[in-house]
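For reference, the structure discussed in these notes is given below.
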Amino acid sequence: MYNDNPNTTRAISVSELNKQARSLLERSFLMISVEGELSNFVRPSSGHWYFTLKDDKAQVRCAMFRNRSQFLKYQPKNGDRVLVRAKVSLYEGRGDFQLICDYMEESGSGRLQQAYEELKARLHREGLFDSQHKKPLPSHPAHIGIITSPTGAAIHDILTVLKRRFPGLPVTLYPTAVQGEEAIVQIERAIELANRHNICDVLIVGRGGGSLEDLWAFNEERIARAVFNSQIPVISAVGHEVDVVITDFIADVRAPTPSAAAEMVSPDQHTLQLRLNQAKQRLASQLKRQLYFRRERLMALRARLRHPGDQLRQQAQRLDDLEQRMQRAMRHKLSDRQSRLQQLQQRLQNQQPSQQINRYRQQVVQYQHQLQQLLQARLTQARMELKAQAGRLHAVSPLATLDRGYAIVQDENGKVLQDSQQVQVGDQIQTRLQKGRLQCTVDQIITENC
């Protein structure tokens with residue numbers, strides 16, 4: 001029972017107090033294991049180790065004597081996370097609470113970090129990180145494969161980005177665990193399965209953030225080699241931007257987050273729509289310009305095209321014009337001769353000599369004869385020219401073809417047929433001869449190569 005009278009309470013020394021406290025601690029705690037971060041590590045010439053173990057809320061002094069530390073293969077340093085096996089005690093000289101350690105090893109994260117560095121170095125030496133092995137991502141993938149947990153944040157983030165950027169892009173999810181021993185086998189098999197299916201243009205392999213232990217599956221050699229052997233381009237999208245795993249070095253592209261991976265592989269529908277509208281406007285403008293040029297060209301050709309009937313009418317008109325000019329020339333010539341004759345007769349009557357009259361009469365007869373010959377020659381020449389012109393005109397006329405025994409074949413619409421492929425058996429056709437027409441039915445089509 002506590003006695004609050006200081007005169008009857010026996011005082012003890014500080015050393016005795018610390019000794020009793022030490023004895024109480026050592027009896028109350030058996031050998032325990034403690035995990036924490038090393039700091040204030042000191043290694044004096046005696047070979048003993050003195051250090052502090054701490055976490056984010058507290059710290060404790062520790063000692064490890066030479067007879068224990070000399071057998072450890074692990075060489076600790078400040079900042080390491082370690083696991084110690086120790087006895088709870090108290091250093092009586094200063095009254096410091098402390099742990100007397102007899103064993104130390106790297107804790108989980110420390111061992112994992114060392115394994116990470118060793119695997120990274122080995123795969124780098126093998127050339128698995130070389131850029132020559134990196135496959136380019138498709139500019140517009142038609143199908144995306146995702147290897148992750150179906151319930152994690154990563155698949156939600158990826159699908160949210162894809163829905164915003166290009167909602168029509170097909171996606172195949174290969175569900176796997178992303179943490180623990182089962183994740184290693186499942187992710188490896190999912191990569192192999194996606195390659196056997198061969199329906200995806202690109203694979204996104206990843207998960208959301210977490211501790212080093214949570215992300216460790218993506219530091220396993222089996223998954224690293226599965227990513228390297230994939231024939232489909234792989235994007236590693238593990239954790240947050242500060243998280244770096246082995247698959248980031250092996251994959252064809254590293255994305256800082258799963259959302260960033262979705263951004264990489266999905267085209268922006270708004271940008272594509274803008275480009276499509278611009279291309280549509282350019283195409284419409286080009287088509288309009290081409291139609292205008294083609295229409296102008298057609299009108300020019302149509303203006304140059306002349307129907308054979310028009311040519312016949314023009315030639316006939318020219319022939320009539322030549323005939324009229326010839327008749328006018330003959331009448332003018334005859335009128336001149338007659339006028340000259342009248343003048344001579346008038347002169348003859350005026351002079352009255354009989355002999356001169358006779359001579360003039362002879363000249364008149366001679367002139368008349370010459371005139372008739374000249375007129376006959378000119379008329380014959382004109383007829384010959386007219387006949388030649390008519391012959392040439394008739395030679396180019398389609399009717400001349402009919403005169404030589406040929407026929408002109410037309411379909412029901414009056415279109416001239418030039419190829420046997422223009423009709424079918426049973427079609428009604430018209431055959432125009434030199435005289436009359438024939439209404440015919442096609443019974444057989446014989447194709448001949450000219």
**Report entry** Quarter of the Cα convex hull surface for the chain, i.e. its orientation-mean projected area (nm²)
**Finding:** 59.7 nm²
Query raised in the report: Once the whole set of protein chains is in place, how much accessible area is left on residue 365, using a 1.4 Å probe, in Å² to the nearest 10?
Result: 90 Å²
Query raised in the report: Can you work out the base-10 log of I(q)/I(0) for the range 335-450 at q = 0.12, 0.18, 0.20 1/Å, using the Debye formula on its C-alpha atoms alone?
Result: -0.66, -0.98, -1.08
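What FRET efficiency would be calculated for the residue pair residue 24, residue 156, taking the C-beta separation as r and a Förster radius of 60 Å, to the nearest 0.05?
0.65
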Query raised in the report: How many Å² of accessible area per residue for the chain, probe 1.4 Å?
Result: 68 Å²
Query - Those lysines that a straight Cα-Cα span of less than 19 Å connects to residue 134, excepting residues fewer than 8 apart in one chain - result: 120
**Report entry** Which of 245, 272, 235, positive extreme of dipole for the range 161-281 (C-beta unit charges)
**Finding:** 272
Report task. List every residue whose amide H lies under 5 Å from the amide H of residue 176, counting only residues 5 or more places away in sequence or on a different chain, with H placed 1.01 Å from N in the peptide plane. Result -> 148, 149
Report task. Note down the nm distance, to one decimal, between modelled labels 7 Å out along Cα→Cβ at residue 429 and at residue 278. Result -> 5.6 nm
Report summary line: Sparse-neighbourhood loop hits (trypsin sites (Lys or Arg not before Pro), the range 67-142; DSSP loop; Cβ within 10 Å at most 13 others) -> 73, 77, 94
Report task. With a 1.4 Å probe and every protein chain kept in, tell me what percent of the accessible surface of the range 279-385 is carbon plus sulfur. Result -> 49 percent
Query raised in the report: Which distance in nm do the two modelled labels at residue 97 and residue 416 give, with both placed 7 Å along the Cα-to-Cβ direction?
Result: 11.9 nm
Requested in this report: Find how much the distance from residue 16 to residue 222 grows on full extension, using 0.36 nm per residue of separation minus their present alpha carbon separation; answer in nm with one decimal.
Outcome: 68.1 nm
Report task. Could you pull out the GluC sites (Glu not before Pro) across the range 202-272 that fall in loop regions by DSSP (anything but H, G, I, E, B) with no more than 15 other Cβ atoms inside 10 Å? Result -> 213, 241
Requested in this report: Name the residue, out of 391, 36, 47, whose mean-square fluctuation peaks in a Gaussian network model built on the chain with Cα pairs under 10 Å.
Outcome: 391
Query raised in the report: When only DSSP loop residues count, what trypsin sites (Lys or Arg not before Pro) in the range 251-341 have their Cβ near at most 14 other Cβ atoms within 10 Å?
Result: 306
**Report entry** Net lengthening on full extension, residue 193/residue 298 (0.36 nm per residue, minus Cα-Cα)
**Finding:** 31.7 nm
Requested in this report: Calculate how large, on average over all directions, the projected area of the Cα convex hull of the range 114-272 is; give the answer in nm² to one decimal.
Outcome: 8.7 nm²
Requested in this report: Heads up, I need the accessible area for residue 72: 1.4 angstrom probe, whole protein in place, Å², nearest 10.
Outcome: 20 Å²
Query raised in the report: At a probe radius of 1.4 Å, what is the per-residue accessible area of residue 369, in Å² to the nearest 10?
Result: 100 Å²
Query - Karplus (6.51, -1.76, 1.60) ³J(HN,Hα), θ = phi - 60°, over the range 259-270, in Hz, Gly and Pro reported as x - result: 5, 5, 4, 4, 4, 5, 9, 9, x, 7, 4, 5
Requested in this report: Given the options 37, 105, 412, state which has the largest fluctuation in a GNM of the chain using a 10 Å cut-off (strictly under) for Cα springs.
Outcome: 412
**Report entry** Listed peptides 149-155, 179-185 by packing density, highest first (mean Cβ within 10 Å)
**Finding:** 149-155, 179-185
Report task. For residue 240 and residue 42, calculate 0.36 nm times their separation in residues minus their Cα-Cα distance, and state this gained length in nm to one decimal. Result -> 67.7 nm
**Report entry** Pairwise label distance in nanometres, residue 324 with residue 173, each label 7 Å out on the Cα-Cβ vector
**Finding:** 9.6 nm
Query raised in the report: Which whole-Hz couplings ³J(HN,Hα) result when phi for each residue of the range 311-324 is put into the Karplus expression 6.51 cos²θ - 1.76 cosθ + 1.60, θ = phi - 60°, listed in order with x for Gly and Pro?
Result: 5, 4, 5, 5, 5, 5, 5, 5, 5, 4, 5, 5, 5, 5
**Report entry** For the chain, built as a Gaussian network whose Cα springs stay under 10 Å, the top-fluctuating residue of 236, 266, 13
**Finding:** 13
**Report entry** Given 57/87; 19/54; 163/280; 387/435; 19/73; 19/77, the pairs whose alpha carbons are separated by over 27 Å
**Finding:** 19/73; 19/77
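The values are calculated or read from the model by the stated rules, or taken from the named source; none is laboratory data. Since this is a predicted model, take the numbers as computed values, not measurements. Glycine gets a Cβ as well: all are built from the backbone with ideal geometry, and neighbour counts include every protein chain shown. Side chains are part of the model used for accessible areas, which takes the heavy atoms of the whole protein and leaves out ligands, DNA and RNA. Shrake-Rupley method; radii C 1.70, N 1.55, O 1.52, S 1.80 Å.
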